[in-house]
Each structure stands twice: as C-alpha cells, then as structure tokens.
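The values are calculated or read from the model by the stated rules, or taken from the named source; none is laboratory data. All of these numbers come straight from a predicted model, not from anything done at the bench. Cβ coordinates were reconstructed from backbone atoms using ideal geometry, including for glycine residues, and neighbour counts include every protein chain displayed.
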Amino acid sequence: MEDQQFRQEVRDWLSANFPPALTGVNGLIFQGDAHAAAASKDFQVWRKAMADKGWGTPTWDKAYGGAGLSTAQAKIIAQELSAIGAFNPIRSYGTMMLGPTLLEFGTEEQRLQHLPRISTHELRWCQGFSEPGAGSDLASLQMKCVDAGDHWVVSGQKIWTSGADQADWCFALVRTDTSVKHGGISFLLIDMTSPGVEARPIVLISGSTHFCEVFFNDVKVPKGNLVGAVNQGWNIAKRLLQFERSSLSEVKTDVTPLAPIAHAMLGTDAEGRIADADARARIVHNAMRHAAYLQTVRRFNEEARNGGPGNGVSTLKNLWSGIVQRRAELLVEVLGADGLGWSGNAYPADAREATRALLHSKAFSIYGGSYEIQNNITAKRSLGLPDR
Amino acid sequence: MAVLNEEQTMLKDMVSQWVRDQMPVSVARGLYDHSGGGRRDAITGFDKDAYAEIAAMGWSGILAPEAHGGSDFGAFSLGFVLEELARTLSPLPLLSSAMIAVSALRLGGNAAQQSAWLTGLADGSIIGTLAVDEGAHHAPHALSLSAARVENGWRLDGIKRPVADGMGAGLFIVAARGDDGATLLLVPADTAGLTREPLDQIDARRPAMLRFDGVVLGDDAMLGQGEPLLSAILDRAYVGQAAELLGLATQAFETTLDYLKTRVQFGQLIGSFQALQHRASDMFGELQLTRSAVEAALAAIDADDPQLPSLASLAKAMANETAHRITCEMVQLHGGIGMTHEHDAGLYLKRSRVAEQAYGSSSFHRERWARLNGY
C-alpha cells in the first residue's frame, strides 16, 4: 500500500517535472558528451530537477545529496522513469562506480566532499585504471605515487580513460609499492585541473574520440585524497569492477530488426522470404541466438532476485558481445556497398550509423574485461577448473 | 534453472534421487549388444519395469487431468522430469506417452476418447506415442499415409517410421493425410491390418516401423483434423524433446568437466590448460542459452501463450545445436577412451544424434522460426 502511494507520488512529480521534449531520448548521449549536455536546455532543467529531488541517487543519504530512500523505492523510480520514456540524468561513472566505492571504503570527509556533487552531476569523473602496459593484466600497472611528506606526487600514464578530456576529477589506481604486485596498489582521487595533468583524445576506428590517454607529470595530490588504506587499492578496484560488470549486463538490448532491412536490400522470394538463402540462414541463426540471449537475461535476473548463484555475469557478457558483434557485421553485410561509407550524402545516414556501430562493437569483447578474461573467470568461478 | 515452487522442488529432488539410485547410464547401456548395436531380445527399446515404477510415483500423470487420475501439474514440471531422466539417457517412454500422447488427447479428444485413454496413459498401464514421420526427415506438412473416408469410418494405408517407443506402445496417434489435410486418428496397436517391426537404431532404443495395410477404423477413432491441432501436438513434442536434449547435454558437459579435473598429462591436470578452459566456458554459455529457451517454451505451454510455436522451435533448435556441440566435445576432450564403446561418451553422442533428428532437425526448426518471425 505504501509502495502504491509512493508510486503515485513519483508519477505526479515526473509528469510535472520531466521535459516532454526528452521523451525517448537516450540519456547516454548526455552522459558521454559534456558539450551536448551543456547545450541542451531541457537536459539542464531535467538534471537540476532530479538533483534537487535527490532521485538521481535515491538510496544515498540526504547528507550526500541523495533522497534516503529504500532499494524498493529506488526501483519504483527507475520503473516509472522507463515507463514514460525518461532517463536518469544524474547517471554517470560517479553514481555507478565511484559513489558505491566511497560509501564502502571512503572516509566521512571524502563522502561529504564528493558525493553531493556526484548526486547533482555538476562534476564529471573519469576512471584511470588501464595503462599502456597494463590492460587485461591490470595489476601490473606502473603509475608512480610517491609520498612527499604533506602530499603525494604522481607521475605516469593512463590510457582508455573514457571522457578524460571532459572530466573534472579522476579516480585512479596508482603504485605505492614496487616490491609487490597486487599489494602495492592504492586508490587515489585526482583533480584533473591540477598542474601536470594532460588528457589527449584517441581517435578510434569508428571515428569516436571518447577515449583518452592521460599524462601525469609530477602532479601534486593532497594526502586526504587516498581512499582506503595505502596499498589496499586492488581490493577496492576489484569491488568497483563488480559495480562496472553489473552495470554492463544491464546494457540495453533492443536493436534494429534485421528482417525489414534484409528484405529491402536483398529482395524477397515468392514466399516473401529473404531471397539470399545463405545470408538469410546466417541472419536467422543470429536472431535466434539473440532471442535466447534475451530469455537468458530475464532468467538470470529472476534467479538473482531469488538468491540464485549470481556468478553468471562473465558468461552473460561473452554471450552478449558475441551475438551483438555478429549482428552488427550481418547488418553491414546486408547493406553491401552502402554500408561502406564514411561520410557524404551518397550514403544513407542510417547506413553510416550502422557502419560506425559495427566498428564500435569490436570494443564490446575488449572493455570491461576482455572475452578471454571473462572466460578465465567463468572457468575458475563457475566451472571450478584448476589453476596452472 | 528457473525458480521452482515448493512442490516442484520436491518433485525435482525426488527425480534426481531416483535417477541416482535406480537409473545409472548402465541401464541404457544394457540395451546394447556387444557390438554396439541394439539387443534383439530387448525389443521394446525401453525399460518396462522402470516405467511402471515411475508411473507408480505419478510421473506419467503429470500432464493428465485430475479427473483421469493425473495431477495436472503442468508442462514445466514434466519438462524438468524429462530433463533429469535424460541426464542418464534413461530409456523410458515418458516423452512419447506422458507428454505427447496425453497432450494430443487433451487438445483434440472428445469426452469418450479422453475417458477411454487418459486414465491408462496417466497410470502408465498404456503407452501411447505419436506416429508422424514416414521418411528420412521430419516433414509433418507432407504426409503420405492416407486416411480415406469409408462408410462409418476411415481406412489407412501406408507406413510410419521411425515411431519412438513404438514396439511397446498400446496406442498410436497417427497423423495421416485426409481429404481435408492433416487428420489425427487413434489407433490401438492390436488393430487388424497394422503390423510393426523394430528398427535397430544407433541409440539401441528400437523405434518401430509401422505398416498400415487397409486398416479400417470407426468414426470414433477420429481425434481431429487440420494443421492447428497437429501443430499444437507437435509443439509439445518439440519442447519435450528439447528438454531431454538439455538434460543430455548438461550431463555430457558435467562428465567432461570432471574428466578435465582428473586427467593428468604433461604433469598437470588438463583442465588447467587455457585452451580447454575456454572451450568449457563457451560450452557453459551455450548451455545457458539453451536452458533459457527450453524453460521459456515449457512455461509457454502452461500459459497457453500464442507465441508457443516460435518459442518451441527456438528451444528445439538451440537444444539440438548445443547437444550436438557438447557431445562432439565430449568425445574429443576424452581422447582415445571417448572412442571406445566401454566409455559413456559414445552413448551420449549416439542418443544425441537420434534426439536431434526426432521431431525436427536444427534446420527444420530454424526455417520454421524464420517463417513465423518474418524472415
């Protein structure tokens, strides 16, 4: 009954505050692009309304800019947002990853300094984990963090840092002890405006410049910016990567239906089927796997709600990346030469978009733990296979 | 595995326990002769005594209505019983009789037909099976066996093969070609003009070849006519067979996994090699997709979901492919020992190939799914 009341309250508030112009708009556009976010008046109105209400981070304490609500109430907000085609404008690296980390490992001072500005999405955070020499083997990272008495001095390089050129702050893994591998890593919060920090966008095969390499040249960082104990960073990172993996598996799974495009581009036979039998067989095979994947997401969610094993995230990620990548390839194959355009009116806009999406999809089996790493995890945790 | 209620959990535990105690793979192995083919004396191709035992526990009546001695427990429950039993390749006619024949009578039977047959099917005293295939491939839309209208009844001429569990069945549900398309008829095994002979199949299950030579039936034999009824019955067959394949594939995978954890070469457990770990992880993923598809299709039967035809073909195609892949890997990863009749890998491979063809190959179901979904 209480839930029903709260749901009604959410509905009323949303209908009064959500700008109708944003209905059905993908919130990731604003999450990934500070310029787009700044340029949209509607987005700013919506962000401010949710920030003031504390509903972007509903379960956080009011002192941290949240609304102090229960998980059940947070779920109601999420359901009602999705029901009207709205999105959470506060959602960011800060809310999904750093926030939960500070709540678990941070000091009260750190929480009060950072969480309120994450819960309003005034400041953008980036994640400084990977380095040129530390990809899948993340714990081999080398960025130096030296104790200089009243502050730390950081030097080294990070890479694949999403949105670093637009970020105000960075949460980074740094090396505070070179004599041990995992036990020599610390978790540090770095102000991106500090002297000696330089972020350079990297141009990807899809043309995207979302990822950066970031250079740190003798950057001074206050002592209070270290989260947890010195050399405890790996444990924090492992926990944080769980937040990342669980948010990855929530990735939206609706995709452009292939059948109408295949009918248009490849023709149909007398029975209305895709005329190219070979392409049709491969498209159907992929579409069926996609259908079974969606059933699997539903099943895992239902099992998780009922206290199931919950060790299927790695399996799910590999199934998803494999199926979605294959689908992107098939779409571009069906588009033929139309799917090979980079720019220009000779190529339909949606075909160009499909091609960029194909190129982008290659990252799915690399980021957030590569296909190979996920299979190592499955072998060990789900299947109990022995180490070498 | 989907979330079960208390009664379902009890049933599942009971089945697992019974399979462990009473139905090791050696029972299926016992149907083979020494050369790897089927034993001539085990002519029914299934274990009659074991079927009586599980019928006494009520498993053959899971789908039957309570008025006819069943428990009306639903397809989802019968599905996980089929899955558990298939883990050890249990040679039992539960799919043929309790799933398919009971469904046929529930879907098409009038009150008299249901009274005549459902109680016996539910208590296991009668075994029923569907006689649909006639040649090399499952082709329910191209039936040859003819049902001609005669005075006060029907006359059947033609053959059916392979008919699963047909050597021990007392009731055949025969899909024939009538003047108005598919016609389903109830044919008791002792009807004059009907003869049967066993086929020595690679899984030693000995399905039947039925010959209908001027078989004359009364009007009361007519279960129903038209594609929708045949399709509805076949959907149950597709999903039930998929549930068996899921059980078979799951056990084949687990047996292989155990081998990877015990076999030592180069001074190490072979399961520590990354190449093999990744193959195992990939197979585990395929099993997850398959389980989801099978469970969704079983639930769709109970929910009378109009999407059932599409979900059933998805389940059978996924189960076919996964069981195929895992039984191949089972032999390969066991190496030489996996090639011997003495090892179980071959029994899983052979049973899998039969079940993959039964009620439609992967390409049959991909084509069906494609048409249903506008490809």
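Of the set (1) surrounded by fewer than 21 Cβ atoms within 10 Å (Cβ to Cβ); (2) within 11 Å of chain A (Cβ to nearest Cβ); (3) among the aromatic types (F, W, Y), all apply to B:F364 but (2). The condition of being of a type outside the set (S, T, Y), part of a helix (DSSP H, G or I) and within 14 Å of chain A (Cβ to nearest Cβ) holds for only one of B:G285, B:G240, B:G247, that being B:G285.
Determine, yes or no, whether A:F129 is surrounded by 19 or more Cβ atoms within 10 Å (Cβ to Cβ), under 18 Å from the mean Cα position of the chain (by Cα) and assigned by TED's automatic domain parsing to the domain that holds A:I190. Yes, satisfied. For segment A:311-331, check the following and say yes or no: at least one residue is more than 9 Å from every other protein chain (Cβ to nearest Cβ), part of a loop (DSSP other than H, G, I, E, B) and closer than 24 Å to A:S370 by Cα. Checked against the condition, which is being more than 9 Å from every other protein chain (Cβ to nearest Cβ), part of a loop (DSSP other than H, G, I, E, B) and closer than 24 Å to A:S370 by Cα, segment A:311-331 yields at least one hit.
When the residues of segment B:250-281 are filtered to those that are closer than 17 Å to B:R325 by Cα, free of Cβ contacts under 8 Å to residues at least 40 places away in the same chain and more than 7 Å from chain A (Cβ to nearest Cβ), the one that is nearest to the chain's Cα centre (by Cα) is B:E254.
Criterion first (touching a residue at least 60 places away in the same chain (Cβ under 8 Å), touching a strand residue (DSSP E or B) at 6+ places or on another chain (Cβ under 8 Å) and among the small types (G, A, S)) does A:G54 satisfy it?
Values: touching a residue at least 60 places away in the same chain (Cβ under 8 Å): yes; touching a strand residue (DSSP E or B) at 6+ places or on another chain (Cβ under 8 Å): no; among the small types (G, A, S): yes.
Judged against the criteria, A:G54 is not a match.
Residues that are under 17 Å from B:A64 (Cβ atoms), charged (D, E, K, R) and modelled with pLDDT of 95 or more do occur in segment B:97-108, at least one of them.
Kindly indicate whether A:V214 is in contact (Cβ under 8 Å) with a residue 40 or more places away in the chain, in a loop (DSSP other than H, G, I, E, B) and in contact with a strand residue (DSSP E or B) (Cβ under 8 Å, 6 or more places away or on another chain). So A:V214 does not fit the description; no. Within segment A:128-149, is there a residue that is at pLDDT 95 or above and closer than 30 Å to A:A67 by Cα? Yes, the conditions are met somewhere in segment A:128-149.
Would a scan of segment A:108-124 turn up a residue that is in a helix (DSSP H, G or I) and either assigned by TED's automatic domain parsing to the domain that holds A:F216 or closer than 27 Å to A:T23 by Cβ (or both)? Within segment A:108-124, one or more residues are in a helix (DSSP H, G or I) and either assigned by TED's automatic domain parsing to the domain that holds A:F216 or closer than 27 Å to A:T23 by Cβ (or both).
Among the residues making up segment A:274-304, those that are within 8 Å of chain B (Cβ to nearest Cβ) and surrounded by fewer than 20 Cβ atoms within 10 Å (Cβ to Cβ) are A:A281, A:H285, A:R298, A:E302, A:E303.
Here's the yes/no breakdown for (1) away from chain A (no Cβ under 11 Å); (2) charged (D, E, K, R); (3) more than 25 Å from A:K317 (Cα to Cα):
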site: B:E295; (1), (2), (3): no, yes, no
site: B:L298; (1), (2), (3): yes, no, yes
site: B:A315; (1), (2), (3): no, no, no
site: B:N320; (1), (2), (3): yes, no, no
site: B:H324; (1), (2), (3): yes, no, no
site: B:T327; (1), (2), (3): yes, no, no
site: B:Q332; (1), (2), (3): yes, no, yes
site: B:G346; (1), (2), (3): yes, no, yes
site: B:Y359; (1), (2), (3): yes, no, yes
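From the list B:D213, B:D235, B:D220, B:D190, the one residue that fits, being more than 14 Å from chain A (Cβ to nearest Cβ), part of a helix (DSSP H, G or I) and farther than 29 Å from B:S362 by Cβ, is B:D220. Taking every residue in segment A:370-385 that is facing another protein chain (nearest Cβ under 8 Å) and surrounded by 21 or more Cβ atoms within 10 Å (Cβ to Cβ) and pairing it with any residue that is in a helix (DSSP H, G or I) and of a type in the set (D, E), at least 6 positions away or on another chain, the pairs with Cβ-Cβ distances below 9 Å are A:N375/B:D282; A:T378/B:D282.
I'd like to know if segment B:16-26 contains one or more residues that are basic (K, R), away from chain A (no Cβ under 14 Å) and touching a residue at least 40 places away in the same chain (Cβ under 8 Å). Steps first, answer last, please.
Initially, segment B:16-26 is screened for residues basic (K, R), giving B:20.
Subset that is away from chain A (no Cβ under 14 Å): B:20.
Next cut, touching a residue at least 40 places away in the same chain (Cβ under 8 Å) only: none.
Within segment B:16-26 (the criterion being basic (K, R), away from chain A (no Cβ under 14 Å) and touching a residue at least 40 places away in the same chain (Cβ under 8 Å)), the answer is no, since none of the residues qualifies.
A residue that is within 30 Å of A:G66 (Cα to Cα) and either out of contact with any Ser or Thr (no Cβ under 6 Å at 6 or more places or on another chain) or small (G, A, S) (or both) cannot be found anywhere in segment A:197-206. Of all the listed residues (A:G66, A:G106, A:G94, A:G54), the sole one being touching a helix residue (DSSP H, G or I) at 6+ places or on another chain (Cβ under 6 Å) and within 27 Å of A:C170 (Cα to Cα) is A:G94. The C-beta contact set for segment B:209-226 (first residue under 12 Å from B:V174 (Cα atoms), second residue in a helix (DSSP H, G or I), distance under 6 angstrom, 6+ apart or interchain) comprises B:L223/B:G108; B:G224/B:G108.
Here A:F364 passes the criteria (1) facing chain B (nearest Cβ under 10 Å); (2) more than 23 Å from A:L266 (Cα to Cα); (3) assigned to a helix (DSSP H, G or I) except the one numbered (1). Listed by first and then second residue, the pairs linking a residue in segment B:1-14 that is closer than 18 Å to B:A297 by Cα and within 12 Å of chain A (Cβ to nearest Cβ) to a residue that is exposed (fewer than 13 other Cβ atoms within 10 Å of the Cβ) and among the polar types (S, T, N, Q), with Cβ atoms under 6 Å apart and 6 or more places separating them unless they lie on different chains, are B:V3/A:N306.
Where helices (runs of 4 or more DSSP H) fall wholly inside segment B:1-92, the ranges with 3 or more residues that are surrounded by fewer than 20 Cβ atoms within 10 Å (Cβ to Cβ) and outside the structural domain of B:A169 (by TED's automatic domain parsing) are B:6-22, B:25-29, B:48-56.
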